[in-house]
Each structure stands twice: as C-alpha cells, then as structure tokens.
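Below you'll find the structure, written out as structure tokens, and then a few comments.
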Amino acid sequence: MNTHSHKNSYEQQPPTTFAERIDTPIGRRLAAAGVLGATGLAGFGIIGGLGDYLNGSNFSTESTTYTVGEGEGLSHALYAIEDVNKVRIDEAADYVTNLPDNIVPLADGLQIGEQITIPVRVED
C-alpha cells in the first residue's frame, strides 16, 4: 500500500502571480518574443535616425553664421533656417547641435553675441 501522497497535475493550483504565470514554457516563449520584438523596433528606430543624421535630413550644405541677440537662444537660430518647417524642429536642433563648429558655443548655453553655424535652408 502506498502511504505517501503527491498531488496530481490536475490538483495543482493555477498560477496566481505574474512570475508564476511567466514561468511556463508558453510564458517564456511569449516573453522572449516580446523582448526580440521590442529590440527589433528599437533597432529600426536607431537605424532610421542614423540614416537621417548621415544624410542631414536634406539640410543644405551651404551654411551661414547666426549671431545670438538679447533674449535669444537656439530656437531663434533654428527658425532662421529657410523652410525649417519641412522637417521636425528636433531634427533641425540635432543637426545644428552636432555641427563641429557649434560644439564649443553650445556647450555652456548660448550667450549674447556668440555665433553658431546653421544651414541656409532645408531642401526638398
């Protein structure tokens, strides 16, 4: 006669916490698929953004110097770019702030009289 007891699989309680639910074969597969999907989407965004940065989002190679006036900042310089409304303003800001000539003046914030380089226009 068998005196020890054990629970049959149909007598086990269903998982109640997230950790218990995810610690199943199907839960682990779903979690892995979610991580891989999120990583792929993030990679797509990075590659797309890098492509925009490398081609300059159609900013002209011709540049001009913008001198900061009283009460002005980077946004004033950005709106001085002809047809800047053809791109998102954050794209224009990224482009201008990453120009080598602008690293020093933008490092501590723009001051009155400082000059930065901006593209003349956004091209089609």
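The values are calculated or read from the model by the stated rules, or taken from the named source; none is laboratory data. None of these values were measured; they are calculated from a predicted model.
Before moving on, here are some points about what is shown:
- In segment 86-124, residue farthest from residue 60 (Cα to Cα) [restricted to those that are hydrophobic (A, V, I, L, M, F, W, C) and not in a helix (DSSP H, G or I)]: 112
- Residue check for residue 17: at pLDDT below 95 and among the polar types (S, T, N, Q): yes
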